[in-house]
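Asker: The structure under discussion is supplied below as structure tokens; questions concerning it will follow.
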Amino acid sequence: MADYKPGSNPFGPDPTVLKDLLTYRMPFGKYKGHRIRDLPVYYLEYFAREGWPESRLGVLMETMHLIRQENLIEILHQLDRIQGNR
């Protein structure tokens, strides 16, 4: 348990990832300032081929890619409604 960090779940998926996808923005590149959830599929596919950033950003981008691949975008729409973002 020495590696445990607040907000992380050492026993499974990080429950904050979906919430962060609602607001986290790209810190660099062509889409700097755009929310991760709004990145085009081709941009996410590029990183899927070339490698994800090794940071929280990479986790969020990879999760968004998976959500798009599996056509689960409605999850984010429902979270938006719950959070009152849209």
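Asker: Within the range 29-86, which residues are surrounded by 14 or more Cβ atoms within 10 Å (Cβ to Cβ) and among the basic types (Lys, Arg)?
Answerer: Those that are surrounded by 14 or more Cβ atoms within 10 Å (Cβ to Cβ) and among the basic types (Lys, Arg): 35, 37, 68.
Asker: Next up: Just the residues that are in contact with a helix residue (DSSP H, G or I) (Cβ under 8 Å, 6 or more places away or on another chain), in a helix (DSSP H, G or I) and within 25 Å of residue 29 (Cβ to Cβ), please, taken from the range 59-78.
Answerer: 59, 60, 61, 62, 63, 64, 65, 67, 68, 76
Taken together, the values in this text are just the output of simple stated rules run on the coordinates, not laboratory data. In this text the structure is predicted, and so the values were computed from the model without any measurement. Ideal geometry is used to build each Cβ from the backbone, glycine not excepted, and the neighbour counts take in all protein chains shown.
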